[in-house]
């Protein structure tokens with residue numbers, strides 16, 4: 001599963017630099033699959049659709065920090081626990097029930113994003 005930032009976020013930004021996949025963005029900021037990864041050109045998302053890794057995507061949240069589920073690996077392959085949750089002072093980085101992924105899938109995402 002991915003991690004989600006709840007609306008209890010105080011916009012402190014502590015989580016953003018901790019993400020090894022650059023999956024965390026400030027509210028209102030556009031995001032790209034290529035940000036902080038080795039992805040270039042066409043990239044196949046979890047839902048099977050293909051996108052250009054360098055294309056800017058609309059922000060998921062306008063008001064507070066957010067995590068891009070297709071880029072989140074829960075820090076599997078990097079750390080023993082999700083680093084965003086470990087540093088969050090208000091405990092608003094929690095498991096996202098909408099994105100359930102096995103460790104194998106999370107490691108596969110990591111391998112695709114970091115050649």
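Taken together, the values in this text are just the output of simple stated rules run on the coordinates, not laboratory data. Every value quoted in this text rests on a predicted model; they were computed, and no experiment measured them. Glycine gets a Cβ as well: all are built from the backbone with ideal geometry, and neighbour counts include every protein chain shown.
Against the longest principal axis of the chain, how steep is helix 103-113, in degrees 0 to 90 to the nearest 10, with axes from Cα atoms?
Value to nearest ten degrees: 70.
Helix-only estimate, please: 222 nm mean residue ellipticity of the chain, summing -39500 (n - 2.57) across DSSP H runs of length 4 or more and dividing by its residues, to the nearest 500.
-3500 deg cm²/dmol
Can you give the FRET efficiency to the nearest 0.05 for residue 47 and residue 11, using r as the Cβ-Cβ distance and R₀ = 25 Å?
0.30
When the Cα centres of the stretch 34-52 and the stretch 87-115 are compared, how far apart do they sit, in Å?
16 Å
Is the shape of the stretch 53-106 rounded, prolate or oblate, going by the alpha carbon gyration tensor and its root eigenvalues a ≥ b ≥ c, with a/c under 1.5 for rounded and a/b larger than b/c for prolate?
Oblate is the answer for the stretch 53-106, as a/c is 1.5 or above yet b/c matches or exceeds a/b.
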